[in-house]
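The values are calculated or read from the model by the stated rules, or taken from the named source; none is laboratory data. Quantities reported herein were computed from a predicted structural model and do not represent experimental measurements. Cβ atoms come from the backbone with ideal geometry, glycine included; neighbour counts cover every protein chain shown. Side chains are part of the model used for accessible areas, which takes the heavy atoms of the whole protein and leaves out ligands, DNA and RNA. Shrake-Rupley method; radii C 1.70, N 1.55, O 1.52, S 1.80 Å.
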Amino acid sequence: AVRVTAKIAAVGSQVSPGAAVLGIADVEQIVSFELDAVDQSLADEGDSATVVLPDNVEILGVVEEIATTATTAQDGSTTFAVTVRLDDPDAVGDLTEAPVDVELVGSSVSDVLAVPVSALIALSDGGYAIEADSGSGFRLVAADPGFFADGLVEIDVAGVEAGDLVALP
């Protein structure tokens, strides 16, 4: 099974054996892209991916295949071919080829306490702290940073809970 993507030969024109008369594409809608070799550790087969279409519609997918052989472009960059299988291929509509953005999640955590990165205070003896107020005034509290994303940092702190105030510079 294939999808017809273009009419190459005009109706009534003569064609020779093996000549293309129609442009075709695979029935399955997949996303293929080149992943920079320096970012190879960000993706594993089976990882979740979000594909952002040109109209900003986001479609979830799964990394199906990562090439084991790198290719080097003329500019010297090295990449690996990656294939993402879409969870809802019908969501792309009639698109057969389009520039898309692919967002990969290398690691994630849930149900964590997070503060703006700018709330972290680097301590002179090493480590980090935040200024937090649980209702009795601001105090300096040691903080162990975890994941960083979207301007936030996961923190592990004793005595600070969701909803407490955090000082920002």
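Here are a few things to note about the model shown:
- Per the conditions (1) out of contact with any Ser or Thr (no Cβ under 6 Å at 6 or more places or on another chain); (2) open to solvent by 70 Å² or more (accessible area, probe 1.4 Å), the sole criterion not satisfied by Ile130 is (2).
- Residue in region 11-29 that is under 18 Å from Asp101 (Cα atoms) and open to solvent by less than 70 Å² (accessible area, probe 1.4 Å) present: yes
- Verdict on Ser124 being within 18 Å of Pro169 (Cβ to Cβ), open to solvent by 60 Å² or more (accessible area, probe 1.4 Å) and touching a residue at least 40 places away in the same chain (Cβ under 8 Å): no
- Applying the set (1) surrounded by 11 or more Cβ atoms within 10 Å (Cβ to Cβ); (2) farther than 27 Å from Pro54 by Cβ to Ser107 leaves exactly one unmet item: (1).
- Leading residue by the ranking (surrounded by the most Cβ atoms within 10 Å (Cβ to Cβ)) among those in region 45-99 that are part of a strand (DSSP E or B) and of a type in the set (S, T, N, Q): Thr79
- Check on Val102, over 26 Å from Val153 (Cβ atoms) and either among the basic types (Lys, Arg) or not in a helix (DSSP H, G or I) (or both): no
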